[in-house]
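Read-outs throughout are calculated quantities, based only on the coordinates presented, and are distinct from any laboratory measurement. Since this is a predicted model, take the numbers as computed values, not measurements. For neighbour counting, all protein chains shown are included, and Cβ atoms are generated from backbone atoms with ideal geometry for every residue, glycine included.
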């Protein structure tokens, strides 16, 4: 895929704040719930298989760019204390969850899951196995930090049945690493990849970030050289989201100077052209994968999914999140746990599920969520199929959205066809913008709420 001068001009035109649509409505529309009972109906009576997420929030140090919900600490005893609280939450959840529902996915995020030691990981595995049964083909994955990763960590996660991992490189340039407070020599990345492969991890993703201080196309090309040597199965190339009103530490990066818009566009252009030339398929948003990867296959078969963990191949699952800030998604609602440990402690120790916020979906929400997901995953919409599925006249119901799409169509971002619409290769860059046309909640002024779309 080549990025032309016209593409760069369009990026300047369409690059505005907008949701990432890992949920619809986005999480900023969640409201507080004193009683989470309405948010638990699908847990108690649903039939869908489960997708489990555990938020492990601790990191030894704070990377200045980080937008994750994390807690910097060197105190390993905090991990043991956190496991005690997680165990209480699992026991409380078991009162609502039917034991015969199997889990098809397990994911550990953070924070840094390998902040926890091998024995603590083994303890967590036992806690999970006590409450959940997994299907033989369950997909199990973890996010890792190569700077703190030992073979013993990887072996512990492998004992749990994990075969997928993701780790951040962000940028391999030493000067950039120093400015962002994340020094990580290439030798660490090589060791991490070799250890993962040796322990049966057959799918490994690498994260990079463009838009960081001191980055240039020339320096980032060298970063791409180094990460391509690692031969990962997938890449996630994130546009640095500068949201200092939410993450005050990011203000530190302003002192070093952030790249201007034109430089960021050149970095994005470089990433897409290099990775596609090396044989990776550009799925959309930030994601690239090898041609035989199941994400690419699922997109080709129109079965790709999108949720809080990004793109997925498992449809119709109920996501159950555990730990501070985790988000759960059922057929009819979302719920989110409290974000600070002391509130989390107070609630689970008093016998209450630590739910702080949630959202009950209307039928219109479910319809629009499906439309946005299919657009972002299939890169097309078939009006007749969507009309039959939802018992509507699609063109009439979404007349306003289709009218909004006329301008992007004139810019070559999509084609209207006899069956519906198809996103063009150029339009993949702007898929968030196209999805925003179907968002009934989007407010005209979104600055300060969302990251930019490209």
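Remarks
- In plain terms, if you count all Cα to Cα distances in region 1-88 and split them into 5 Å steps from zero, the share in each step is 3, 8, 9, 12, 16, 14, 13, 10, 6, 6, 3, 0 percent.
- Computed FRET value (nearest 0.05) for residue 150 with residue 73, which takes r as the C-beta separation and R₀ as 25 Å: 0.85
- If the convex hull is drawn through the Cα atoms of region 231-384, its volume per residue in Å³: 181 Å³
- Working from label points 7 Å from Cα in the Cα-to-Cβ sense, the residue 95 to residue 133 distance is 2.4 nm.
- Protection proxy ranking, peptides 419-426, 167-174, average beta carbon neighbours within 10 Å, highest first: 167-174, 419-426
- Alpha-carbon Rg/Rh ratio, for region 26-318, with Rh computed the Kirkwood way: 0.96
- Label-point gap, in nm, between residue 8 and residue 263 - each point 7 angstrom along Cα→Cβ: 1.5 nm
- 11 Å reach of a label modelled at residue 186, 7 Å along Cα-to-Cβ, counting backbone N of region 223-259: 223-230
- Stretched out straight at 0.36 nm per residue, the stretch from residue 442 to residue 410 would grow longer than its current Cα-Cα span by 9.3 nm.
- Centre-to-centre separation between the Cα atoms of region 104-125 and those of region 28-50: 25 Å.
- Highest mean packing first, where packing is the average number of other Cβ atoms within 10 Å per residue, the peptides 205-214, 59-68 line up as 205-214, 59-68.
- Peptides ranked, highest mean first, by Cβ atoms within 10 Å: ranges 361-367, 177-183: 177-183, 361-367
- Hydrodynamic radius of region 80-169 per Kirkwood, over alpha carbon pairs, in Å: 13.8 Å
- Extension gain, residue 246 to residue 370: 0.36 nm times the residue separation minus the Cα-Cα distance gives 41.7 nm.
- Euclidean distance between Cα centres, region 291-335 to region 363-427, Å: 21 Å
- When Rg and the Kirkwood radius Rh are both evaluated on Cα atoms of region 269-346, their ratio Rg/Rh stands at 1.14.
- Taking a point 7 Å from the Cα of residue 340 along the Cα-to-Cβ direction, the residues of region 41-67 with backbone N closer than 18 Å to it are 57-58.
- Cβ-derived FRET efficiency at R0 30 Å, residue 256 paired with residue 228, nearest 0.05: 0.65
- Modelled spin labels at residue 44 and residue 422, positioned 7 Å past Cα toward Cβ, are 4.8 nm from each other.
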